[in-house]
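What follows is calculated from the coordinates using simple rules that are stated; it is not laboratory data. Being a predicted model, the structure only gives us computed values, none of them experimental. Reconstructed Cβ throughout: ideal geometry from the backbone, glycine too, with neighbour counts over all protein chains shown.
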Amino acid sequence: MQLPPFQLERFFARYEFNVRHLLCSSDCESVTVNDLLAYEVGAGSALERLWLGYTESRGAPALRQEISRLYDAIGSDQVLVHTGAEEAIYLFMHAALTTGDHVIVHGPCYQSLHEVARSIGCEVTFWQAREDQGWRLDLDDLTGHIRAATRAVIINTPHNPTGWLMPRDEFCRLNRMLDERGILLFSDEVYRESEYSVGDRLPAACDLSEQAVSLGVMSKTYGLPGLRIGWVATRNADIADKMAALKDYTTICNSAPSEFLAAIALRHRQRLVQRNLGIIAANLKILDAFFWRHDTTFAWVRPTAGPIAFVRLTGSAVDTFCHELVNRQGVLLLPGNLYGDGGNHFRIGFGRKDMPAALAALEQFVVSWNP
C-alpha cells in the first residue's frame with residue numbers, strides 16, 4: 001500500500017501556525033479547558049481525579065452514551081470512538097473495501113475520502129457537485145456511476161468545502177437507493193448541527209439505514225479539534241467489529257482526558273452550537289457585503305450550512321493569488337487544487353471571531369491586486 005502526500009495537510013503544516021490571519025479554517029471558534037469545566041459543577045475536581053490508565057478501545061462508556069444521544073436508532077454499543085475523524089475514515093476504508101472494489105465519492109472532497117480507497121486497490125469514480133446548481137449533487141448522475149462492483153458511496157453533507165446541504169427528500173432517496181442495491185453508504189456528517197436553519201437538518205444516515213455508517217467529530221461544529229475525538233455510528237455490526245479490530249493496529253484506545261472533556265462538551269453541546277452559529281451568522285453578513293462589493297473579482301455561492309464556502313476567483317490564477325496574499329498580507333486562503341479542483345476556487349472559513357480582521361486584510365490586498 002502506497003499513500004501519496006496529503007496535500008491539504010502538508011499545506012497547513014507549512015502555513016497554519018505561521019500566518020497572521022487564517023481565513024480558511026474548517027472549524028468553528030474553540031474554547032479553553034476552563035470554559036468546558038465551567039459547564040458542570042464539580043467537573044474540575046473530577047478531571048483532577050481522572051485515572052490516566054488505558055481506556056476502553058471502543059471509547060469510554062459515558063462518552064459513547066452521549067454520542068448515541070445524537071441519533072434516534074443508535075445505542076451506545078453501536079458507537080466506535082476514534083482519535084479524530086481521520087482515523088475513522090482510514091479504518092472504515094480498510095474494513096469495508098478490498099482490491100477491485102468500485103467506490104463512488106462525492107467531489108470535490110477531503111483527500112482521504114478517496115485516496116485511502118485508491119491505495120487499497122479500489123477504482124474510484126467522483127460524483128461531482130455542480131457549481132452552476134449551487135454545488136448540488138444529481139442523483140441521476142449517481143445512478144449512471146453505479147456498477148456491479150460498486151461497494152460503497154462516500155458522501156459529505158453538510159459539505160466541505162462548499163457548505164452545501166443535501167435536501168432531505170434526496171438524502172432519503174439516496175439511502176433507499178443504496179439499500180436496495182446492497183451498497184454501503186459512508187456519510188461524513190462532521191458538520192451536522194451547523195445548519196443555518198434547524199429545519200433543514202438531515203436525519204443521520206445510520207438512523208435511516210442499518211447498513212449506513214455515519215461519521216462525527218468534535219472538531220467542526222463544536223469547535224474542539226484539540227480533543228482529537230471522532231466516531232462512527234452504525235447498526236452494521238460487521239463493519240463496526242472489523243473497524244474495532246483494525247483500531248488495535250492504530251491508536252488502540254483514546255486519550256482519557258479527551259474523552260472526559262468530550263463527554264462534558266456533548267452534554268452541553270447546544271451552548272457550543274448556538275455560540276458558533278451566532279459567529280457564523282454575523283460573519284456571513286460581512287461576507288455577503290464583501291462579495292457584493294467585489295462581484296467582478298469573485299463568484300460567491302452562499303453556503304447553507306457550516307463555517308466554510310468555496311469561492312471562485314475570476315480573471316486571475318488562484319494559486320498565484322493565494323501565494324501573493326499570504327506573502328504580502330499574511331492572510332491564508334486554501335487553493336482549490338488541494339481538493340483536486342481545477343475550477344480556480346479557494347476555500348474560505350468564517351467560523352471564528354477573528355474573521356472580520358482577516359477579511360479586512362484580504363480586502364486591502366484585493367483593491368491593490370494587479371496580476
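Summary table
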| item | result |
| --- | --- |
| Dipole moment magnitude, nearest 20 debye, region 53-268 about Cα centre, only Lys, Arg, Asp, Glu C-beta charged | 280 |
| Correct choice for Rg/Rh (Cα atoms, Kirkwood Rh) that was computed from the model, options (1) 0.93; (2) 0.96; (3) 1.02 | (2) |
| Kirkwood Rh in Å, taken over all unlike Cα pairs in region 275-371 | 13.6 |
| Computed E for GLU48/ARG14 - FRET, C-beta separation, R0 35 angstrom, nearest 0.05 | 0.40 |
| Count, lysine Cα pairs under 23 Å in the chain, 8 or more residues apart or across chains | 4 |
| DSSP bridge orientation in region 53-268 - percent antiparallel, rounded to nearest 5 | 35 |
| Residue with peak Gaussian network fluctuation, the chain [Cα springs, cutoff 10 Å], from ALA360, ALA233, ALA309 | ALA360 |
| Efficiency of FRET from Cβ geometry, THR251 and ASP72, R₀ 25 Å, rounded to 0.05 | 0.30 |
| Placed amide H near ASP27: partners under 5 Å, 5+ positions off or other chain | none |
| Ascending count of other beta-carbon atoms within 10 Å, so fewest first, for MET177, MET166 | MET177, MET166 |
| Between region 347-371 and region 235-284, the Cα center-to-center distance that results, in Å | 31 |
| Region 172-188 versus region 63-86: alpha-carbon centroid distance in Å | 20 |
| Residue order, fewest to most surrounding Cβ atoms within 10 angstrom, among VAL103, VAL19, VAL198, VAL116 | VAL198, VAL19, VAL116, VAL103 |
| Test item: Cα-centred dipole of the chain, Lys/Arg +1 and Asp/Glu -1 on Cβ, debye | 560 |
| Helix-only [θ]222 nm of the chain, DSSP H runs n ≥ 4, -39500 (n - 2.57) each, per residue, nearest 500 | -12000 deg cm²/dmol |
| Taking LYS353, LYS220, LYS242 and counting other C-beta atoms within 10 Å, the order from fewest to most | LYS353, LYS242, LYS220 |
| Positive-pole candidate from LEU313, GLY121, THR83, dipole of the chain, charges at beta carbon | LEU313 |
| Beta bridges by DSSP in the chain, antiparallel share as percent, to the nearest 5 | 50 |
